[in-house]
């Protein structure tokens, strides 16, 4: 037996007594208690972000939400109370843990300048300021207040918003609210396709 | 969905078509399986491929992609011929008995189009598509913004002529019968490729629930984007609705017409009007011709249109309350009666700005900048090349994502050299957003349930929440307008933004705003119940058109009341055992789980099936009551004969879709997909949907069999992968490591192709190379005497993913193949049933 | 923990009695797999990988939806896809979740020489304890279902544990929990048997499957994983499910009669030689001069 | 065999060359390791042997390699000795009289050559067992590489391997008994290489004659 693995094992006393003469146990551990990896993890109820069944999920994270812990996901499984999925998950829902903790996640704002062949770093402040300035410039240049027949239209045809399938209702509301306020009419969503 | 996921366990019969729920909604599919196990319910699977759903179906029919109307029309014909219809339901709850104007003509009589077609403008004058009758309000059914200078729209008559015996040749029932009399089993076979005997088996099985007039059983029709993604998608669904009305299946537990929405919050995005032609809660956008708030309201608020002895609730008569409350939510005090509730602030829409048009407009230089948040527009297509070309012409693009995606890296897409890259002048910002577990908020599932989720863990790296990013950009724009002024700054400056953290609005506060609140003390005159100023309104019944309430989306009113966040409720109990679960989350409208549930009872208010009691008329209280929230006027006596379909001005279900309800006909007619291997056997001179628009840029091309494109191709999703997302996820990539093309064994043999060999699929727009999956699950078909092959391609791969990044085996997008045409009603592109050719690669 | 050792009823390669034998009143647990409602979605595959933290392994497209040709040391749960045309020409797409069957009489355990490398708990779960595994691979030979797979790097054998970590904490196995259609079910063996028989009867009576039945092969004493099949007379259609699986007779012979015969022979031989020496002694006599050098070895 | 290869003490005759002795001890060492580890895998009662030998996984890892060494040694023996191990008429008679041999009445035995029939049997027994053990052992070494449709190979191997091993154990016991206890001097022969002339004369009279015939005067 490899002594370093003993950390992971809960040996029974049976093996213990015969140990040590040869520097290793003569008797192996019989009842290896595979420990439940979520036994003391924190639970958060959530909804699967994939299809429109809207399965309830439980996200298990390390730590007990103490201040000094950065929670990270250890496991995701179905919420057994949820009337629709009753704890089940499909192959995508079952892999949500990897969706959350994934080394391909985007971690910082990037910009690609005209003619550029690579991404460049940009600070959040610069990105927000530049985007706002571009929206304003485009709006001021192309905003249509009246159409050919003189009717008020107050619309901005030159800026488009395409929204995703996993945006929350509240986010969508804010988008529609702010985009309509700007006069945006090219407002579309995954819902269309 | 009219019903819900869990409700499917109540069904006796399922027609699953235009959808593959076992593949795409596995966890919802447990309920059809449950019905099989506990009720011996049957599943009929009709699909171009033998799918995972077919694997557990009792009957499978292989249909040619895009011929669903022919199949369903054939079933309608079969049901009428064999008297397997719900007579009472039909007469009382649908417009079957309504008389249609005598100058209305069916396609059988007018060369494959309905009366009123103008070939020059490719559009219909719909004035003949109306009921016979007298009087009435204004035209009420403008689903589409009429053009600014059009004459006043025709109107539905207030008093509709009718014939309860259903014998009048101009009654809807007789028109229906006549229309679908052409959809004989032989014709169905010619069009769909389903052998006559097989079709008759399916038609017999599905309509068997109404054998001998029995009303106890319920059948459901389940569909998804296999129906919507056609140039006549809405009409397929209409045919299904007609069949369900004919069989008396709508409004009933285990019945309904159930659209399985694709993604977690597609339903919510539609409800919240993340689309150009609506405002939240399905309020129709104002057009330039709506010169005032009142004229807008007049146009979009319907008035009842029904047989005189009947009653109609006509719930949309409340439209002004919802509209005023919405404007109050947007603009607060800046929206007042004096300025017509800031009506001017709303952009006016008189043309199509929908998905495909949007990319065309970008291609043509109208759209200069775009935000894409969680939306991979390049991959989604159709005609990805056109979308990439369009982005090359844009000034700027802002992408909010959690993974690198095709859209943000369109300038690095395969085939673009470094030199070409240097020519692309588009500035692209890619902002790292929060994943679903890192933010809270609600999703609305396909069953219309709003479900709140909690934040589980912090965002990694330097990510920010989506709402934070939008808020920060908007506030910055507002700051610029405040400082520098600019074009029409009023709506930007006056938009309410009263969140405790303006730069990152807490979503619970946003949901409260959506729910709506009283701006003055309110009192219900009947119950004397009061809502104080500043309190959340309990539901949309409290909304007012005098500016004393605000509400961000009337159909979500009731989701966050004084009792707290209703979408976060977690009571799993289901006292009726009908899968209603009234205490779990919150369902719009008004926490109602099955829509139109009044129709689950007979005319006297007694449930059709006493073992599945949803709602019923309580004689002693003289009120409607039930296990579900009643979808009806609560005190309308059965003898008043109010129609159960309260959102229609008729009060009844529409077999005949009058006036402007649909762009392409009041009854569904089979048209061929834009790229079709044959002429339409019903009317070869009118093969395609006559009102479908084709685009004209060099990227918009449409293939024909004459050009060598003879194979019918359909695209679809796999259960192992989620759209263009899980290709970043090793576990899912392990399940489906590579893209593939499903090809019938017969075709492979003809091509000398074995499974695993590479094959090149080309449409007139582009090509796609992947390995062949040779299978018995697709078979060659005989279509109108011609042998036709079908193939299928899953859409999931692209050029950004674990297996796809630069330097790896870069893959192209399936949507390079798909055509830029769309359904004239819902504007959904035709991803299914286009033409390709195949070669060994 | 205190009872953990008593939860074991069989131990591989173990001399003497097993501490947990005869001490528990626990019922046998069982998975029920209804292949007639399986949609091959692979949720169970992913749930298994995710729960057991199994590492990513490369796969290649192989003209099928099946993830890989067979289970791997790091992929314990695999749905096998088979297209089958019935006599009437209708197509069936048979999907069977393949994993350790948790036999009542496990061939792997019978074949295993390593003390405690394979144990069977009193609830019927057969578990490999990699810490005790010596990497001999005899379990691979002992298994009639081709389940145990060796990690070539560590020389340890792995397979489905029936999520014994979850089950011992009162949870269901990860695959069972995930299964969207409910084609997977978990409970006591008796209950699963009852459900399975009921479903098979339903298939015989109400669907067109007159040969529907339950797969619980007696050759290995019954299994902790039972199947409902559309056609129980032809289990081999479902990706080669053996019709009458048994522990290979040579393994039985080796672990049974041969072992006793060998032991008797070896001990008998030793005793015999000893007695022979006592009786006859060495061939030479001390007085004989065959050791002139006088060395004794 | 050339006697000139080694210096032989007075009154002794060379029985095994250094090469033969080395081969023997390589085989013996490997065999003993194989026996101990093999027995540990054979019976739970002896599993502790493997533990003492450095742990069962190590035993499992080294056992096949030891097996290869053993087989190489046996193969070498085969090359060296096979010609001398041919069955002869004397051997036939020897077998008929084996009961006298086993009861130490060697004078009643027919004159054995360099190897008596029993030794030849031992040789061939070990040789063929080694072949069987190698063949089955390779299968058992890589069971996971044997495809499912060839699984009968594994099934055969699991029975052939222990059966052959048991057979060798029987041979081994007799070999040890004879070499260490029964025929004193035999053990020395495989250490030093020589036996006394008396030993040769007594146990291998045929061989004795042969070498005396070859060179009437044993080297001094």
Odd one out for residue B:797, checked against (1) in contact with a strand residue (DSSP E or B) (Cβ under 7 Å, 6 or more places away or on another chain); (2) within 12 Å of another protein chain (Cβ to nearest Cβ); (3) within 19 Å of residue B:714 (Cβ to Cβ): (1)
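Report yes if some residue within region B:566-585 is more than 30 Å from residue A:47 (Cα to Cα), surrounded by fewer than 24 Cβ atoms within 10 Å (Cβ to Cβ) and touching a residue at least 60 places away in the same chain (Cβ under 8 Å); otherwise report no.
If we filter region B:566-585 for residues that are more than 30 Å from residue A:47 (Cα to Cα), which is where we start, we get none.
No, region B:566-585 contains no residue that is more than 30 Å from residue A:47 (Cα to Cα), surrounded by fewer than 24 Cβ atoms within 10 Å (Cβ to Cβ) and touching a residue at least 60 places away in the same chain (Cβ under 8 Å).
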Members of region C:222-270 found to be touching a helix residue (DSSP H, G or I) at 6+ places or on another chain (Cβ under 6 Å), within 18 Å of residue D:39 (Cβ to Cβ) and more than 8 Å from every other protein chain (Cβ to nearest Cβ), listed by number: C:255
For residues in region B:429-449 being closer than 23 Å to residue A:134 by Cα and touching a helix residue (DSSP H, G or I) at 6+ places or on another chain (Cβ under 7 Å), which is farthest from the other protein chains (Cβ to nearest Cβ)? B:433
Pairs under 6 Å by beta carbon, first residue assigned by TED's automatic domain parsing to the domain that holds residue C:73 and closer than 22 Å to residue B:771 by Cα in region C:50-62, partner buried (at least 18 other Cβ atoms within 10 Å of the Cβ) and modelled with pLDDT under 90, six or more apart or different chains? none
Condition first: in contact with a strand residue (DSSP E or B) (Cβ under 9 Å, 6 or more places away or on another chain) and facing chain B (nearest Cβ under 7 Å). Now tell me which residues in region C:46-58 satisfy that. C:49, C:50, C:57
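Is it the case, given these coordinates, that residue D:73 is touching a residue at least 12 places away in the same chain (Cβ under 8 Å) and surrounded by fewer than 19 Cβ atoms within 10 Å (Cβ to Cβ)? If you could, list the steps in order and put the result at the bottom.
Details: touching a residue at least 12 places away in the same chain (Cβ under 8 Å): yes; surrounded by fewer than 19 Cβ atoms within 10 Å (Cβ to Cβ): no.
In short, no.
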Just one of (1) crowded, with 18+ Cβ neighbours inside 10 Å; (2) over 24 Å from residue B:57 (Cβ atoms); (3) in contact with a helix residue (DSSP H, G or I) (Cβ under 7 Å, 6 or more places away or on another chain) trips up residue C:217, so point out which. (3)
Being over 31 Å from the mean Cα position of the chain (by Cα) and more than 7 Å from chain B (Cβ to nearest Cβ) is the filter; apply it to region A:104-141 and report the residue that is nearest to residue B:473 (Cα to Cα). A:137
If I filter region B:759-779 down to residues being assigned to a loop (DSSP other than H, G, I, E, B) and within 14 Å of chain C (Cβ to nearest Cβ), which single residue comes out as surrounded by the most Cβ atoms within 10 Å (Cβ to Cβ)? B:778
Residues of region B:780-828 being assigned to a strand (DSSP E or B) and within 25 Å of residue B:750 (Cβ to Cβ), which ones? B:781, B:782, B:783, B:786, B:787, B:788, B:790, B:791, B:792, B:793, B:794
Confirm whether residue B:534 is assigned to a loop (DSSP other than H, G, I, E, B) and either under 26 Å from residue B:593 (Cα atoms) or within 13 Å of chain A (Cβ to nearest Cβ) (or both). no
Identify, by number, the condition in (1) at pLDDT 95 or above; (2) in contact with a strand residue (DSSP E or B) (Cβ under 8 Å, 6 or more places away or on another chain) that residue C:180 doesn't meet. (2)
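Which of the following residues is touching a helix residue (DSSP H, G or I) at 6+ places or on another chain (Cβ under 9 Å), crowded, with 24+ Cβ neighbours inside 10 Å, outside any loop (DSSP other than H, G, I, E, B) and not assigned by TED's automatic domain parsing to the domain that holds residue B:57: B:268, B:226?
After applying the criteria, what remains is B:268.
Considering only residues that are assigned to a loop (DSSP other than H, G, I, E, B), under 26 Å from the mean Cα position of the chain (by Cα) and either more than 11 Å from chain A (Cβ to nearest Cβ) or surrounded by fewer than 24 Cβ atoms within 10 Å (Cβ to Cβ) (or both), which ones fall in region B:377-399? Before you say what the answer is, go through the steps one by one.
First pass over region B:377-399, keeping only residues assigned to a loop (DSSP other than H, G, I, E, B): B:381-383, B:394-395.
Subsequent filtering for residues that are under 26 Å from the mean Cα position of the chain (by Cα) retains B:381-383.
B:383 - this is the single residue of region B:377-399 that is assigned to a loop (DSSP other than H, G, I, E, B), under 26 Å from the mean Cα position of the chain (by Cα) and either more than 11 Å from chain A (Cβ to nearest Cβ) or surrounded by fewer than 24 Cβ atoms within 10 Å (Cβ to Cβ) (or both).
Yes/no matrix, rows are residues, columns are (1) out of contact with any strand residue (DSSP E or B) (no Cβ under 7 Å at 6 or more places or on another chain); (2) under 24 Å from residue A:192 (Cα atoms):
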site	(1), (2)
B:296	yes, no
B:305	no, no
B:311	no, no
B:321	yes, no
B:327	yes, no
B:331	yes, no
B:343	yes, no
B:349	no, yes
Filter result (over 15 Å from residue C:267 (Cα atoms), touching a helix residue (DSSP H, G or I) at 6+ places or on another chain (Cβ under 6 Å) and surrounded by fewer than 17 Cβ atoms within 10 Å (Cβ to Cβ)) within region D:154-183: D:180
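Okay, residues lined up against (1) within 12 Å of chain C (Cβ to nearest Cβ); (2) within 13 Å of the chain's Cα centre (by Cα):
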site	(1), (2)
D:115	no, yes
D:133	no, no
D:147	yes, no
D:162	yes, no
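Counting only residues that are out of contact with any helix residue (DSSP H, G or I) (no Cβ under 6 Å at 6 or more places or on another chain) and assigned by TED's automatic domain parsing to the domain that holds residue B:256, give me the helices (runs of 4 or more DSSP H) lying completely in region B:7-64 with at least 2 of them. Break it down into steps so the answer makes sense when it comes.
Numbers: elements: B:21-24, B:26-39, B:52-55.
Those helices (runs of 4 or more DSSP H) span B:26-39, B:52-55.
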Restrict the check to region D:122-133 and report whether at least one residue is at pLDDT 90 or above, out of contact with any helix residue (DSSP H, G or I) (no Cβ under 7 Å at 6 or more places or on another chain) and closer than 30 Å to residue C:138 by Cβ. yes
In region B:668-679, is there at least one residue being surrounded by fewer than 21 Cβ atoms within 10 Å (Cβ to Cβ) and either in contact with a strand residue (DSSP E or B) (Cβ under 9 Å, 6 or more places away or on another chain) or modelled with pLDDT of 95 or more (or both)? yes
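How many residues, within region B:731-758, are in a helix (DSSP H, G or I) and within 13 Å of chain C (Cβ to nearest Cβ)?
Here is the first cut: in region B:731-758, the residues in a helix (DSSP H, G or I) are B:731-735, B:745-751.
Going one step further and asking which of them are within 13 Å of chain C (Cβ to nearest Cβ), we end up with B:731-735, B:745, B:748.
Within region B:731-758, residues that are in a helix (DSSP H, G or I) and within 13 Å of chain C (Cβ to nearest Cβ) number 7.
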Scan region B:454-480 for residues that are touching a helix residue (DSSP H, G or I) at 6+ places or on another chain (Cβ under 6 Å) and more than 7 Å from chain A (Cβ to nearest Cβ) and report the count. 2
Unique residue being closer than 23 Å to residue D:83 by Cβ and touching a strand residue (DSSP E or B) at 6+ places or on another chain (Cβ under 7 Å) when the list is D:117, D:132, D:200, D:186: D:200
Out of curiosity, is residue A:57 under 21 Å from residue B:450 (Cβ atoms), modelled with pLDDT of 95 or more, in contact with a strand residue (DSSP E or B) (Cβ under 8 Å, 6 or more places away or on another chain) and buried (at least 16 other Cβ atoms within 10 Å of the Cβ)? yes
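The values are calculated or read from the model by the stated rules, or taken from the named source; none is laboratory data. These numbers come from a predicted model, not from an experiment. Quick reminder, even Gly has a Cβ in these numbers, built from the backbone with ideal geometry, and neighbours come from all protein chains shown.
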